[in-house]
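Okay, so here's the structure we're looking at.
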Amino acid sequence: MQPRAPAMDLTEARTPPPTRPPPSRRPAPRFLRPQLLLSWLLLVAAVALWTYALPRVGFRAMGDYGLLDRFPAAFYAALALLTCGFLVALRRAGTAPWWPAAYCVTLLVALKAPPAVLYDSVRYPWASKHDAVVNQLLLSGELRPNGALSGNMSAYEQWPGFFTLTGGLVRAFGVDSAAAFLNWAPIALGLLLMPVLVLIYRTFTEDWRLVWTAVWIFQLANWVGQDYLSPQGFAYLLHLSVIAVVLRHFVRPGSAGRLRDRSFLDPASAAVPPPTGTRQRAVGVAVLAPLILAVNASHQLTPVMLCVSLFALTLTRRYRNYGLLAVAALIMLAWDLTMGRPLFLETLGTLRDSLGRLTQNSRAGYAGELTGPGPELAGQANVLMVLAVAALAGAALLLRRGLVRAALPLLLVSLAPVPLFVVNDYGGEMLFRVYLFGLPGAAFFAAAALVPAAGSPRGARRPVRRRARALTLHGALPLALLVLLAGFLPSYYGKEKMYYTPPAETALVTRAIDRAPHGALILATTGSFPQALHRYDQVGHWFFAEQELPENERMLADPARHLADGIPPGTDAYVILTRTQDIYAAGEGLLPPGGFATLRERLTASPLFATVEEHPYGIVLHYQPATEGDRP
Amino acid sequence: MTLDHLRLRVPLALAGWGAVAATALPGGSPPRWVPVVLFVCFGPGLALLLPQRGTLRPAARIEAVALAAPLSLSLAVTVSTGLFLVRGFSATAFLVTLAALTTVAAALPGLPLPAATRGAVGGGGR
């Protein structure tokens, strides 16, 4: 990657040319020159501090604040140093874009690698569901999209692309299961996503400082936790790749109009990509077809997001490509009506009910309120992060109208998924998905608010504007990056107690489900515990507390009777209650304070349930149906 | 075809077979999974994008780097899902199919994306 002529910082631009050293003195080696020295010194120092801090993270004894109070001070210092180093490297981004790139990669690893390096179990209990799906596929060796599995697990065989790929990797690596590499997914996906983001941002700006600041902000704002080993994380990468190709290679001839006029644009704007003829665009569609097919094979929602985004692009003259939109829609429809038919038809049936229920569809997660210091802090940080990024992006929309004109397609693509709130709540996850799909654009515009254009000749002559620019670059930018960093940490690690499961608990669940006969029913408060879906093709599931809090409060009055009434007659049923469920149910507000302990106590005391195995971290109970004479 | 082209195409064509050979090593060892993951993530995509007439311009190089993984993984998804659908899945079938596709792609001209053919889009190209 050879950078073009630098978009110079104003302060740099006015720096007098360096004086020639006296002939007797040898010039310092290049890597010891002040700015370069600072660039690599800060990077090395941050990496050293992070490496020192990592073994000292007390993740096995997490308290109310998850990992936040378990990270040693050196960890926070490392992140602060990385931010400082990035700001230093940014000043030379035009001539040496590899330095901010190195900082962005290091930030990704520093932020998201601790669980991958430290944990001896799968992060996010629900991620083990994906491990179970891969194991199941490898065991059966076939796809059964029409199989009626409990808990809608058939959906995973209707959109199996990501799981078959992971299965291929598991076998090719020669490991037991995807759990061996599962925790590394955020880093792998983040690394693959970074050049795609750069590609998108470079389409709209020539200023490398803006590009890398947007990538940096994207990393900090990507706390939403959708980048674990999951179909959505993978399909997101493919989705953005399609968008990148479209933005760069699908400009219609004669559509740029005034956008070819530099005076109409922001100094940092890139010129509109050269137009492509019908034949070139047809070739482009052929190149994109495998990507679009893979998006459809992997995930049910992302193709909808992709079609909506492509539709939004057709609203501009530049990207009015109905052919591409039609191809994307046809591939989606073909998949939905063949492999995905059962769930597609079921979703269509429920659409009428969910259509237009805006407040319901935009809720996050299940019904409860976040409870406990860590989850509450995480919830507040989430909201503040969204508001901060939106405010910064909004400021850019007002202040950098020239850039917005050029980058209008990116704005449209980012806003396109918002109307999906009207359609469906997607199991309480629509809010997170819409946020994630809007993030590339939001990060770009947020960066635009913080990195003023370097070389505006008109503006540069006005001292007030010059001062405002310097203040933004040297004051607002560092401050905003530190604030976003401070927001990322509770957003991503504040609920960590829910996400880390000691291996003994995982072993207990695996043992209990292995013990259950074919056709048995597994009962648990929630599905958020490790190995919850182990052998999901052979046993059924009832996560009985995944409902509104008042219903759970009624259930707690006599949980044994509530469960006994819900278990179909003649079913062999096991109740598994674990520490992770307790933390999740309390943190997400599914159960009232102390509710889980009450539940465990009452079920253990009930004659309807016999204890099979009991540990401090979990209990397994076997349902003993009462005979007619026993019933009150 | 010049020597430079061969220097690029031959390693690309052989990468997949190297990954197939690596599966003979002990399961889970880095000498096994590193070549496999590099090939599955980048091999087919680079074989499709890199072989172009002349040297790639900077914009096209960024594009090749960014799109190699998504293209490779898309092909890997199609191959693995296809193998499961015909009940013919195995690690060898998966890697051999991808390796064969990569070898063929390395022998053919690169995908004619405009940035690759004329280097017109992006910073360095203008």
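The values are calculated or read from the model by the stated rules, or taken from the named source; none is laboratory data. Everything quoted here is computed from the prediction, not taken from an experiment. Note: ideal-geometry Cβ built from the backbone for every residue, glycine included; neighbour counts use all protein chains shown. These area figures cover heavy atoms from the full protein model, side chains too; ligands, DNA and RNA do not enter into them. Shrake-Rupley method; radii C 1.70, N 1.55, O 1.52, S 1.80 Å.
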**Prompt:** Restricting the search to the range A:319-339, which residues are buried (at least 21 other Cβ atoms within 10 Å of the Cβ), out of contact with any Phe, Trp or Tyr (no Cβ under 6 Å at 6 or more places or on another chain) and outside any helix (DSSP H, G or I)?
**Reply:** A:339
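Hey, does the range B:38-52 have a residue that's in a loop (DSSP other than H, G, I, E, B), more than 15 Å from residue A:174 (Cα to Cα) and either facing chain A (nearest Cβ under 9 Å) or open to solvent by 10 Å² or more (accessible area, probe 1.4 Å) (or both)? Show your work before the answer.
Just the residues of the range B:38-52 that are in a loop (DSSP other than H, G, I, E, B), to begin with: B:50-52.
Narrowing further to those that are more than 15 Å from residue A:174 (Cα to Cα): B:50-52.
Pick out the ones that are also either facing chain A (nearest Cβ under 9 Å) or open to solvent by 10 Å² or more (accessible area, probe 1.4 Å) (or both) and you get B:50, B:52.
Yes, there is a match, as at least one residue in the range B:38-52 is in a loop (DSSP other than H, G, I, E, B), more than 15 Å from residue A:174 (Cα to Cα) and either facing chain A (nearest Cβ under 9 Å) or open to solvent by 10 Å² or more (accessible area, probe 1.4 Å) (or both).
Only residues that are assigned to a strand (DSSP E or B) and open to solvent by 10 Å² or more (accessible area, probe 1.4 Å): list them for the range A:499-553, please.
Step one: of the range A:499-553, the residues assigned to a strand (DSSP E or B) are A:521-524, A:540-543.
Across the range A:499-553, the qualifying residues are A:521, A:540, A:541, A:542, A:543.
Suppose we keep only residues that are of a type in the set (Gly, Ala, Ser) and over 34 Å from the mean Cα position of the chain (by Cα) within the range A:566-589. Which one would you say is least open to solvent (accessible area, probe 1.4 Å)? Break it down into steps so the answer makes sense when it comes.
Step one: of the range A:566-589, the residues of a type in the set (Gly, Ala, Ser) are A:566, A:570, A:573, A:585-587, A:589.
Within this subset, residues satisfying the condition of being over 34 Å from the mean Cα position of the chain (by Cα) are A:566, A:570, A:573.
On the way: A:566: 38, A:570: 90, A:573: 0 Å².
That would be A:573.
Residues are listed down the side, and each one gets a yes or a no for (1) of a type in the set (Gly, Ala, Ser); (2) over 27 Å from residue A:374 (Cα atoms):
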| residue | (1), (2) |
| --- | --- |
| A:522 | no, yes |
| A:527 | yes, no |
| A:553 | no, no |
| A:586 | yes, no |
| A:590 | no, no |
| A:593 | no, no |
**Message:** Need the failing condition index for residue A:273 against (1) under 28 Å from residue B:69 (Cβ atoms); (2) surrounded by fewer than 23 Cβ atoms within 10 Å (Cβ to Cβ); (3) not small (Gly, Ala, Ser), just the number.
**Reply:** (2)
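One line per residue, one yes/no per condition, for (1) more than 18 Å from the chain's Cα centre (by Cα); (2) open to solvent by 80 Å² or more (accessible area, probe 1.4 Å):
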| site | (1), (2) |
| --- | --- |
| B:16 | no, no |
| B:19 | no, no |
| B:26 | yes, yes |
| B:30 | yes, no |
| B:36 | no, no |
**Asked** Among the listed residues B:93, B:59, which satisfies the condition of being at pLDDT below 95, outside any loop (DSSP other than H, G, I, E, B) and at the interface with chain A (Cβ under 10 Å from one of its Cβ atoms)?
**Response** B:59
**Request:** Looking at (1) surrounded by fewer than 17 Cβ atoms within 10 Å (Cβ to Cβ); (2) closer than 24 Å to residue A:216 by Cβ; (3) modelled with pLDDT under 95, find the lone condition where residue A:77 falls short.
**Result:** (3)
**Fill in**
Going through the range B:81-110 in order, the residues found to be surrounded by 22 or more Cβ atoms within 10 Å (Cβ to Cβ) and of a type outside the set (Gly, Ala, Ser) are B:81, B:84, B:89, B:94, B:95, B:98, B:102
**Prompt:** Looking at the range A:211-230, which of its residues are at pLDDT below 95 and within 12 Å of chain B (Cβ to nearest Cβ)?
**Reply:** none
**Prompt:** Among the residues of the range A:35-53, how many are farther than 14 Å from residue A:87 by Cβ and either open to solvent by less than 30 Å² (accessible area, probe 1.4 Å) or modelled with pLDDT of 95 or more (or both)?
**Reply:** 10
**Request:** Run down A:197, A:165, A:191, A:247 and say which single residue is within 26 Å of residue B:45 (Cα to Cα), of a type outside the set (Val, Ile, Thr) and within 8 Å of chain B (Cβ to nearest Cβ).
**Result:** A:165
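So that you can scan it fast, the table gives a plain yes or no per residue for (1) under 14 Å from residue A:324 (Cα atoms); (2) modelled with pLDDT under 90; (3) not acidic (Asp, Glu):
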{"site": "A:243", "(1), (2), (3)": "yes, no, yes"}
{"site": "A:256", "(1), (2), (3)": "no, yes, yes"}
{"site": "A:262", "(1), (2), (3)": "no, yes, yes"}
{"site": "A:274", "(1), (2), (3)": "no, yes, yes"}
{"site": "A:277", "(1), (2), (3)": "yes, yes, yes"}
{"site": "A:280", "(1), (2), (3)": "yes, yes, yes"}
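Would you say residue A:129 is away from chain B (no Cβ under 12 Å) and farther than 27 Å from residue A:519 by Cβ? Show your work before the answer.
On the way: away from chain B (no Cβ under 12 Å): yes; farther than 27 Å from residue A:519 by Cβ: no.
For residue A:129, the condition - away from chain B (no Cβ under 12 Å) and farther than 27 Å from residue A:519 by Cβ - is not met.
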**Message:** Looking at the range A:283-301 only, could you name the residues that are closer than 14 Å to residue B:69 by Cα and either free of Cβ contacts under 8 Å to residues at least 24 places away in the same chain or small (Gly, Ala, Ser) (or both)?
**Reply:** A:290, A:294
**Message:** Taking the criterion of being within 14 Å of chain B (Cβ to nearest Cβ) and more than 18 Å from the chain's Cα centre (by Cα), would at least one residue in the range A:111-119 satisfy it?
**Reply:** no
**Prompt:** So residue B:78 clears everything in (1) assigned to a loop (DSSP other than H, G, I, E, B); (2) polar (S, T, N, Q); (3) within 17 Å of residue A:161 (Cα to Cα) except one condition, right? Which one?
**Reply:** (1)
**Prompt:** Identify, please: which residue in the range A:141-173 is of a type in the set (Gly, Ala, Ser) and modelled with pLDDT under 95 and is, among those, surrounded by the fewest Cβ atoms within 10 Å (Cβ to Cβ)?
**Reply:** A:148
**Request:** Report yes if some residue within the range A:519-534 is of a type in the set (Ser, Thr, Tyr) and more than 30 Å from residue A:380 (Cβ to Cβ); otherwise report no.
**Result:** no
**Asked** Within the range A:205-218, is even one residue free of Cβ contacts under 8 Å to residues at least 60 places away in the same chain and open to solvent by 10 Å² or more (accessible area, probe 1.4 Å)?
**Response** no
**Message:** Would you confirm whether or not the range A:293-309 contains a residue that is over 30 Å from residue A:335 (Cα atoms) and in a helix (DSSP H, G or I)?
**Reply:** no
